[in-house]
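Chemist: Dropping the structure in here first, questions after.
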Amino acid sequence: MSSNSLFDSKRDFWENQHQKKDTYWLTGSSAQNVLRYHGNPPISGIILDIGIGMARFMKDISKTHTIMGVDISPEAVKRGSQYGDCFLVDQLSSVPPVDWAFCHLVFQHCSDEIVQKIIDEVPLKPGGIFSFQFAYINPGETPTDFLKTVLAQGQHYLRDETRMNEILTKTSKRIVKVANRVSFHHPENLSWSIYQVTNR
């Protein structure tokens, strides 16, 4: 199955969540929270938000920086367009290069193939950084019943750092550092890692 057809298979689900403004699937993280989880990097230049969602990050960042956005949902693209140029994820490879790109609470909803495609196509300027979050269950921890349900429905995909490192080897990016690691125990019993990568 091609990556575009995989995008298509997810688009209806996410468009439906945007129409309903579902607050579980669309958390609407503020820029302050996203940057804190991503290690409070010294952002500058042009910023790209991958996974616009409710566009809170775009709204906050647009007050001080030029920002663009990418999402699978046309409704999200429309919402984010108030704050900067926005594109559907299928168009990622045609987005102008940026200084910083952020992807938060997105990859845990994407297959390995889609994660690899997005990482590979994120357009960075020389020296640019792509900071992204991904989720996994630590050894010895047990998924909650809720997490088991969304995993079975194909709406969550978990991968640890070993698996993410394998995916990165197939892309045009290399890891700069692990910016943060965070553990949560409600409602999903998940841990997060935050990677910062750059062009090879």
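Chemist: Taking the simple approach of a point 7 Å from Cα along Cα-to-Cβ for both D90 and H65, what is their distance in nm?
Modeler: Label at D90, label at H65, 2.9 nm between them.
Chemist: Let me ask something additional. Could you give me the radius of gyration and the Dmax of segment 123-168, taking only the C-alpha atoms into account and expressing both in angstrom?
Modeler: Answer for segment 123-168, Rg first and Dmax second: 14.4, 44 Å.
Chemist: Restricting to DSSP H runs of at least four residues, report the calculated mean residue ellipticity at 222 nm for the chain, -39500 (n - 2.57) per run over all residues, nearest 500 deg cm²/dmol. Each step should come with its number before you reach the end.
Modeler: Working: 7 runs with 64 residues, N = 200.
When only DSSP H runs of four or more count, the value is -9000 deg cm²/dmol.
Chemist: Which value does Rg/Rh take for the chain over its C-alpha atoms, Rh per Kirkwood?
Modeler: 0.93
Chemist: Still on this structure: Excluding S193 itself, calculate the net charge of residues whose Cβ lies under 12 Å from the Cβ of S193, where each Lys or Arg counts +1 and each Asp or Glu counts -1.
Modeler: Summing Lys/Arg as +1 and Asp/Glu as -1 gives +2.
Chemist: Let me know the whole percent of all Cα-Cα pairs from segment 126-200 that are separated by more than 21 Å. Show your work: numbers first, answer last.
Modeler: Details: 930 of 2775 pairs.
Roughly 34 percent, once rounded to a whole number.
Chemist: Run the numbers for D160 and K78: contour at 0.36 nm per residue of separation, minus the present Cα-Cα distance, in nm.
Modeler: Gain on extension, D160 to K78, equals 26.2 nm.
Chemist: Follow-up. About the Cα centre of segment 47-110, how large is the charge dipole given +1 on each Lys and Arg Cβ and -1 on each Asp and Glu Cβ? Please answer in debye to the nearest 20.
Modeler: Charge dipole, segment 47-110, about its Cα centre: 220 debye, nearest 20.
Chemist: When ranked by the protection proxy of mean other Cβ atoms within 10 Å per residue, highest first, what sequence do the peptides 87-100, 116-129 form?
Modeler: 116-129, 87-100
Chemist: 7 Å from Cα along Cα→Cβ at both K177 and K148: what's the point-to-point distance in nm?
Modeler: With each label placed 7 Å out from Cα toward Cβ, I get 4.0 nm.
Chemist: Give me K173, K148 sorted ascending by neighbouring Cβ count inside 10 Å, so fewest comes first.
Modeler: Ranking K173, K148 by Cβ neighbours within 10 Å, fewest first, gives K148, K173.
Chemist: Starting from the Cα gyration tensor of segment 82-138, multiply each eigenvalue by 5, take the square root, and state the resulting semi-axes largest first in whole Å.
Modeler: The equivalent ellipsoid of segment 82-138 has semi-axes of 21, 13, 12 Å.
Chemist: OK, next. My understanding is that a pair violates if its Cα-Cα distance is over 21 Å; which of K148/K173; K78/K148; K125/K177; K148/K177; K59/K125 do that in this structure?
Modeler: Those over the limit are K148/K173; K78/K148; K148/K177; K59/K125.
Chemist: Just want the answer: with Cβ charges of +1 for Lys and Arg and -1 for Asp and Glu, which residue in T144, I50, V197 is farthest toward the dipole's positive end in the chain?
Modeler: Value computed over the given set: V197.
Throughout, read-outs are computed from the coordinates displayed, never taken from laboratory work. All of these numbers come straight from a predicted model, not from anything done at the bench. Glycine also receives a Cβ, built like all others from the backbone with ideal geometry; neighbour counts cover every protein chain displayed.
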